[in-house]
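Single-structure report; data block below.
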Amino acid sequence: MKCAVCSRKAKGFGYFNPRLPRSDPRRYSDRWVFCSMRCQNAFSRLMEKTGGHMIDPSDMELAAMASCLGPLGEYVGSIGMQRPLADYSKDEVLMLIDVVVTAYQEHMLVEHERMAEKDRAFLEERLVRQGKSASTGVLIKLTVS
């Protein structure tokens, strides 16, 4: 099985849809397995935000696609910019795929981690503000007779 985020070999990490009842066969899926906690966490954050519905590429995915252009250009330049793709050897095509997929995956993981850190910082700041406002409130003493 392949990781749902990066397509590497899955290694025992998984996700289930808690919105579905336990008896529903769609609750657990072979498609929702992961190679690492990093990919599992990235997928979980995405599922929480989108509810599992994705149609068009997001701005983040478009940015990840664009981030592949530099490494792709470097690789194609190193093996000959004028050569048609049909003239590439099998190893050259596999390396081309590896360069693009690695750049895409790295951008997506870094961006997901950046967003998670931003969310965490926001929530921590909000908790601190709530703690301060609760401590500055008026104390009311109730007595029972």
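Quick look at the values:
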{"item": "Val101 paired with Lys9, simple spin-label distance in nm, labels 7 Å along Cα-to-beta-carbon", "result": "1.3"}
{"item": "Extended-chain gain in nm, criterion 0.36 nm per residue less alpha-carbon gap, Ala63 and Leu20", "result": "12.2 nm"}
{"item": "Sequence-distant aspartates and glutamates (8 or more away, or on other chains) whose Cα lies within less than 18 Å of Lys49", "result": "Asp59, Glu61, Glu111, Glu113, Glu117, Asp119"}
{"item": "Net charge of neighbours whose Cβ lies under 9 Å from the Cβ of Ser36, counting Lys and Arg as +1 and Asp and Glu as -1", "result": "+3"}
{"item": "Mean Cβ count within 10 Å, highest first, over the residues of peptides 91-97, 76-82", "result": "91-97, 76-82"}
{"item": "Inter-site label distance for Glu48 and Gln130 at 7 Å from Cα along Cβ, in nm", "result": "1.4"}
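Each reported figure results from applying straightforward, stated rules to the coordinates on display, with no laboratory input. These numbers were taken from a predicted model, which means no experiment stands behind them. All Cβ positions, even for glycine, are placed from backbone atoms using ideal geometry, and neighbour counts span all protein chains on display.
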